[in-house]
Every structure is written in structure tokens, then in C-alpha cells.
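What follows is a short report on a single structure.
What follows is calculated from the coordinates using simple rules that are stated; it is not laboratory data. As the structure is a prediction and not an experimental result, all values here were calculated from the model. Methodologically, a virtual Cβ is constructed for each residue, glycine included, from the backbone with ideal geometry; neighbour enumeration extends over all protein chains shown.
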């Protein structure tokens, strides 16, 4: 299977199912508070992994390349409470610069 | 503004990852949840399988179950209207609705907030996809670094809580350890188990409400 319209349709159906499950499908049924809490924290685990993998993974090896400089720039701008535009441009610009001079 | 910028970024990296512009736009129209879209495209860009991309995306979308449960008290009943509301159920619309105590105000905040993000996100994606198609190799412009930057911006609100920090760290470590041993995308999916760390480092505060990245 390669990425294409059927795969996209799968993502669309799955995303909508999750969005409608709590609001419509479950009706008045209650869900344990602990479960709701863990669902709310799930993105933290995923974002943590996604940051590391999208910065340091190259196929199946771990590398430190220009992307690491981009992440550092993103971290500094986030820490300085910059907006999304600044964060994204800083990360891409730094990475492109490091790549161009190395 | 932030939404539009995120949308442009998504359009650019999606086409950079090999999606056609119509497909990137269709994803924003019909999936319509940024974190899921960025994760799925990020896994594809790293060479992951479509199954891994869908799996990562849906794990990120699982939080919407909790949002839906919380919104039951805020949105008017009526099955058809709620089925429509589910499409624009995202971080922003949920946060806006939960911040209003009056049901009528909550409902209008949800719909106006959700629809304005829908417009901004989709216009941004269209612009970004056209831009991405035009510029050629994304690596030349450092666009592969947009992924970690976007994920970091999305993560930051969750880092204010102790269990959020513990969970993020656990996910990062699991991902790092698994990269050499598993196909692309699998480390992300397995890293979701990092949420179990939250059981160990519980925060006395109530469950995390959705927050907007700056």
C-alpha cells in the first residue's frame, strides 16, 4: 500500500470517528476521569517522540545534522514566546543556512 | 493569523513529502486537525508506511474523544447539528466553548471559532501547497526542520503540567531508542505508551484543557 486517496480516506474516516465519538456516539454515557486525563496527555508523548524522530532520525540511524540547529533555533524562539511564523521561519532558515555553509 | 501560518507551513511540507496539492487541500478540508495532519505527513516524509502514518495521526486525534465528552454540556442537543459540529471539533473551538459558562455563548463561540479556523487553515494550506509545488526540493530551504518546529510549538502548552513534561520526555526517549530497530513511524506509535508515565507523575490539576500554540 502506498499513500494515495484510499489512505487519505482512512485518515478522514478515523479522524471524524474520534471527533464524533465523545460528542455524538457515546450519548450520556460517562467515561472514567482517568481515561479522559490520559487521552488529554497522549499528544505530549507523541509530540515528544515526533520532535526527536523528525530531528535526529535518518532512516534507521540517528544523526546530528542541520535539522538539530533548526530545532535549537525553534526552541529559542519558543522560549522567547515568539509567534508560530517566527518559530517556523527560524527553524527552516537556520537549517538551510547550516546546510548551505557545511 | 497563527492558524493561517500553520496552514501555509502544512501545505508546504505536505507537498514536500510527496502529496499532490489537491491531496494536501483535501486533507485539510476533511481531516481538519493540524496535529494529526502534521504527524501523518511527517511519518510519510520520513519514509514510513501509510499504515504507520494513519496510526500516528489517529493516536494524536484520540484527544478529541475527551473534547467531545466535555462539549456535550456546552452544545445544543440535536443529532444532525452535533454531527456537523464534530467536523469543526478541534483544539481552538473546544477551548473557546469551554471558556464560556452560558450555553448559548459557548455554542456561538464554538461555531464561530471553529469556522474561522476552518477558513484560515484551508486557505493557508492552499497557499502553502501552491508554494511547495513551485519551489522544488524542500531540503534546500530547511523545510524538513518545519516538522520539529511545529511539533515543539504544539507541545509547549502541555509542558506547563508536571505529568505533561514527564509524558513528553518518556515519548521522546522511547522514540529515540526505537529508531534504529523499527521501520519509520513505528517509534512514534509505540511512544504513545509514554503516556503511562503520567500515571506515575500525576499532577493534582484537572485534565489538560486544549490550548493554542502562540
Chain B: C-alpha gyration tensor shape, a/c 1.5 cut-off, then a/b vs b/c: oblate
Cα shape, segment B:81-187, gyration tensor, a/c 1.5 rule: oblate
Shape parameters for segment B:161-201, alpha-carbon atoms, Rg then Dmax in Å: 10.3, 32
MRE, 222 nm, helices only [DSSP H, n ≥ 4, -39500 (n - 2.57), over chain B, to nearest 500]: -21000 deg cm²/dmol
Least to most buried among A:56, B:6 (fewest other Cβ within 10 Å first): A:56, B:6
Shielding by other protein chains, B:5-18, mean Cβ within 10 Å: 2
Relative exposure of B:108, A:15, A:61, B:56, judged by other C-beta atoms within 10 Å (fewest first): A:61, B:108, A:15, B:56
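For B:65-75, what's the mean count of beta carbons from other chains sitting within 10 Å of each residue's beta carbon?
Per residue, the number of nearby Cβ atoms from other chains is 6 on average.
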Selected from B:55, B:136, B:124 as most flexible by GNM, with chain B as the system and alpha-carbon contacts under 10 Å: B:136
Length-normalised contact order for segment B:2-160 - Cα pairs under 8 Å, 6+ apart - percent: 39
Exposure proxy ranking, count of Cβ atoms within 10 Å, fewest first, for A:3, B:121: A:3, B:121
Value of [θ]222 nm, deg cm²/dmol, for chain A, DSSP H segments ≥ 4, -39500 (n - 2.57) each, nearest 500: -24000 deg cm²/dmol
Cα centroid separation, segment B:48-124 to segment A:1-74 (Å): 16
Kirkwood Rh and Cα Rg combined as Rg over Rh, evaluated for segment A:1-44: 1.12
Average Cα contact separation per residue, segment B:161-201, under 8 Å, 6 or more apart, as relative contact order %: 57
Whole-Å distance, taken between Cα centres, linking segment A:77-102 and segment B:149-175: 20
Cα pair count fraction exceeding 38 Å, expressed as % - the protein assembly as shown: 8
Mean Cβ count within 10 Å, highest first, over the residues of peptides A:74-81, B:161-168, B:137-144: B:161-168, B:137-144, A:74-81
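Over all residues in B:185-198, what is the mean tally of Cβ atoms on other chains that come within 10 Å of each residue's Cβ?
5
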Separation in nanometres of the label points that stand 7 Å from Cα toward Cβ, at residue B:202 and residue A:97: 4.7
Additional length obtainable on full extension of the chain from residue A:59 to residue A:28, 0.36 nm per residue less Cα span: 6.6 nm
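Is the shape of segment B:12-62 best called rounded, prolate or oblate, per the rule: a/c under 1.5 gives rounded, else a/b larger than b/c gives prolate, else oblate, with a ≥ b ≥ c the square roots of the Cα gyration tensor eigenvalues?
Oblate.
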Debye log10 I(q)/I(0) for chain A, one point scatterer per Cα, at q = 0.15, 0.20, 0.22 Å⁻¹: -0.92, -1.06, -1.10
